[in-house]
Amino acid sequence: MVERIEDLNLPNAVIARLIKDALPDGSNVSKEARVAIAKAASVFVIFITSSSTALAHKQNHRTITAKDILQTLNELDFESFVPSLTQDLEAYRKMVKDKKESKANSKKDISTGDATASSSSAAAAAAADNEDANK
Amino acid sequence: MASEDLFQNDYSEEPDFGQDLDKNEEMNTEAAAAESDGEDAEPAPAPNQTTNMSPPANKTSNGSKASEPEPDGKLTQLPMGRIRNIMKLDPDLQIASNEAVFAVTKAVELFIESLARESFTYTAQAKKKTVQKRDVELAISAVDSLIFLDGALHF
């Protein structure tokens, strides 16, 4: 869980870089403006989460999925984000898949048994559920 | 120290007379340094310090190792763990899949960029180069989809 309140702030350096990349060369951002944008970003996370949660509950889903997030963005007039996000999600799924495969291969090398660790297999099952939900 | 200064200055005047050439050459350089410094008679640091040549070689070998790209490239710039923690503040949230957290993280990155761009239009209108808080507030009140931020920045 969250131990310190600062853990809920987004990292300043990353925010500054994201802003800088979005603006034309030679422009600057005042510290107050950067803080305002960072706060807005945190509020955006909370806003999107609560909307997605409401959406998932309406469909009797306990887990919110990427699909819920995309649908929420569409409903909240952020549909311009969706195409780029869909691409990113594909890249993410591929990365997770590759990681899983390489992990499975290394596991096979080390141990012959199938029930290695109950916790990791449970996590894998949960991940598989999520993927099913997304399809 | 003052008496030493005087002493050396005395010596430094003597080379003009050609006495004790070896010693006087040494003293001459020292005296010249002292004179150019104005007061200190301390010998200037030796110019032949050529000892620190090996460390850079080590550095380059280390540097080339460090500059190699990491095998597992990051897809997000913002930390997903942090985003998940913020999402968990929602009491109604039970489980968020990793993909959902990833989607939110990416969405926030896009959000920051678009809010920055939107704010900058007001900066440019005012013929300025630095985005001020005022510009961000103007952008928020002008864009319909940002209405959820209304009042959120004043705490």
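Bear in mind that the values in this text are calculations on the coordinates, not laboratory data. Please read all numbers here as calculations on a predicted model, not as lab measurements. We place every Cβ from the backbone using ideal geometry, glycine too, and count neighbours over all the protein chains shown.
Set the Förster distance to 30 Å, then compute FRET efficiency between residue B:127 and residue A:9 from the Cβ-Cβ distance, nearest 0.05.
Working from the Cβ atoms, E equals 0.40.
With contacts defined as alpha carbon pairs under 8 Å and 6 or more residues apart, what's the relative contact order of region B:80-149 in percent?
Dividing the mean separation by the residue count of region B:80-149 yields 22 percent.
Which of B:123, B:76, B:130 comes first, and how do the rest follow, when ranked by fewest Cβ neighbours within 10 Å?
Taking fewest neighbouring Cβ atoms as first place, the list is B:130, B:76, B:123.
Give me the net charge of residue A:15's neighbourhood, meaning all other residues with Cβ under 12 Å from the Cβ of residue A:15; Lys, Arg count +1, Asp, Glu -1.
Residues close to residue A:15 contribute a combined charge of +3.
Kindly give Rg over Rh for region A:1-77, based on alpha-carbon atoms, with the Kirkwood expression for the hydrodynamic radius.
1.08
Below 16 Å, Cα to Cα, which lysines can residue A:58 reach? Residues fewer than 8 away in the same chain don't count.
Leaving aside lysines fewer than 8 places away in the same chain, those within reach of residue A:58 are A:67.
If the chain between residue A:80 and residue A:59 were fully stretched, how many nm would it gain, using 0.36 nm times the residue separation less the Cα-Cα distance?
Numbers: separation 21, 0.36 × 21 = 7.56 nm, distance 2.45 nm.
Between residue A:80 and residue A:59, full extension yields 5.1 nm more.
Of the listed peptides B:97-109, A:31-43, what is their order by residue-averaged count of other C-beta atoms within 10 Å, with the highest listed first?
B:97-109, A:31-43
Checking the cross-link filter: which lysines have an alpha carbon closer than 19 Å to that of residue A:39, excluding same-chain neighbours under 8 positions apart?
A:20, A:31, B:88, B:106, B:133
Amide H of residue A:28: which non-local residues (sequence gap of 5 or more, or other chain) have their own amide H closer than 5 Å, using H built in the peptide plane?
Excluding prolines and chain starts, which carry no amide H, the hits are B:130, B:131.
Which order do the peptides A:7-15, A:91-99, A:64-72, B:133-141 take when ranked by the mean count of other beta-carbon atoms within 10 Å per residue, highest first?
Output ranking for A:7-15, A:91-99, A:64-72, B:133-141: A:64-72, B:133-141, A:7-15, A:91-99.
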